[in-house]
Amino acid sequence: RMVPIPVGVEPSPVDRSAGFAVRDRLGIGQRPVVLSLGHVIPVRDRLGLVEALPALLEKRADALVMVVGHVYDDRFLRRAEALGVRDHIMLTGSVPRVEVADYVAAADVEVHDLQGHGLGTASLEVLGAGVPVVAVVRPDNFPGISLRSWENVVLVEPDDPRSLADAIVHLLDDPELAQRVGAGQQRLVHDHFTLEVVTDAHVAMYERVLATSGPTV
């Protein structure tokens, strides 16, 4: 008696010119940017990303993790200090929602859902923008919708910093692959998660209910 209907988002492709403006303003230049979008809270603590940073920096020494959002849980920063990688993390703090897309456009890869809680709205919006997303999530996270690693997202196992680092490096080193994954993500979102598709699913559900219900008195 349950009908799985996902949350809806309004996807929009990235505006690379806006991304270049963000890079210039923050002094990032051409460094590879791993965006980590959303407030840092215990259920999205970024510790897994920090643990992967040493292995990432072995292959891409100029990589930068850019955390866009307020830091409510700073354990990842303390761990970064202990690992000697704090200089490779940039904190922007909270930004106005209308500016979030500009930061997405400045990114090469996005990573923040690493604790197996599924993909949130922020991840879906980045998927729809076409920036490759690396996440710890089950392929069947959305009932009836297949998440296929390296086709419409990049899936990694939990608590495996080396695999996470390798996935990020693979995307950074192979722009054509990153573009294909990004295009697959956009198709995924347009097929299943746009507000139009989700609205149609709700309407269809109510029509089925009305068609099978008895007459009202």
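Test D62 against the criterion of being assigned to a loop (DSSP other than H, G, I, E, B) and either modelled with pLDDT of 95 or more or more than 23 Å from V100 (Cα to Cα) (or both), and give yes or no. Step through it out loud before you land on a result.
Values: assigned to a loop (DSSP other than H, G, I, E, B): yes; either modelled with pLDDT of 95 or more or more than 23 Å from V100 (Cα to Cα) (or both): yes.
So D62 passes the test.
Quick check on H39: is it closer than 27 Å to N152 by Cα, touching a strand residue (DSSP E or B) at 6+ places or on another chain (Cβ under 9 Å) and open to solvent by 60 Å² or more (accessible area, probe 1.4 Å)?
Details: closer than 27 Å to N152 by Cα: yes; touching a strand residue (DSSP E or B) at 6+ places or on another chain (Cβ under 9 Å): yes; open to solvent by 60 Å² or more (accessible area, probe 1.4 Å): yes.
So H39 fits the description; yes.
Restricting to segment 42-70, what's the tally of residues that are under 21 Å from L124 (Cα atoms) and either more than 16 Å from the chain's Cα centre (by Cα) or open to solvent by less than 40 Å² (accessible area, probe 1.4 Å) (or both)?
11
Would you check if there is a residue in segment 117-133 being polar (S, T, N, Q) and open to solvent by 30 Å² or more (accessible area, probe 1.4 Å)? Step through it out loud before you land on a result.
Initially, segment 117-133 is screened for residues polar (S, T, N, Q), giving 121, 123.
Add one more test, that the residue is open to solvent by 30 Å² or more (accessible area, probe 1.4 Å), and what stays is 121.
Yes: segment 117-133 contains one or more residues that are polar (S, T, N, Q) and open to solvent by 30 Å² or more (accessible area, probe 1.4 Å).
Restricting to segment 2-30, name every residue that is part of a helix (DSSP H, G or I) and among the charged types (D, E, K, R). Talk me through it step by step, then tell me what you get.
Taking segment 2-30 and keeping what is part of a helix (DSSP H, G or I), we get 16-26.
Within segment 2-30, R16, R23, D24, R25 meet the criteria.
Looking at (1) closer than 23 Å to E51 by Cα; (2) at pLDDT 95 or above, which one does A122 not meet, given that it meets all the others?
Going through (1) closer than 23 Å to E51 by Cα; (2) at pLDDT 95 or above one by one, A122 breaks only (2).
Working only within segment 71-102, note down all residues that are in contact with a helix residue (DSSP H, G or I) (Cβ under 6 Å, 6 or more places away or on another chain) and aromatic (F, W, Y).
Passing the criteria: only F76.
Wholly within segment 75-160, which helices (runs of 4 or more DSSP H) include no fewer than the required count, namely at least 1 residues that are in contact with a Leu (Cβ under 6 Å, 6 or more places away or on another chain)? Break it down into steps so the answer makes sense when it comes.
Numbers: elements: 75-83, 97-105, 121-129.
Those helices (runs of 4 or more DSSP H) span 75-83, 121-129.
Determine whether segment 45-60 contains at least one residue that is more than 17 Å from V131 (Cβ to Cβ), charged (D, E, K, R) and in contact with an Asp or Glu (Cβ under 7 Å, 6 or more places away or on another chain).
yes
The values are calculated or read from the model by the stated rules, or taken from the named source; none is laboratory data. Quantities reported herein were computed from a predicted structural model and do not represent experimental measurements. Note: ideal-geometry Cβ built from the backbone for every residue, glycine included; neighbour counts use all protein chains shown. Heavy atoms of the whole protein, side chains included, go into the accessibility calculation; ligands, DNA and RNA do not. Shrake-Rupley method; radii C 1.70, N 1.55, O 1.52, S 1.80 Å.
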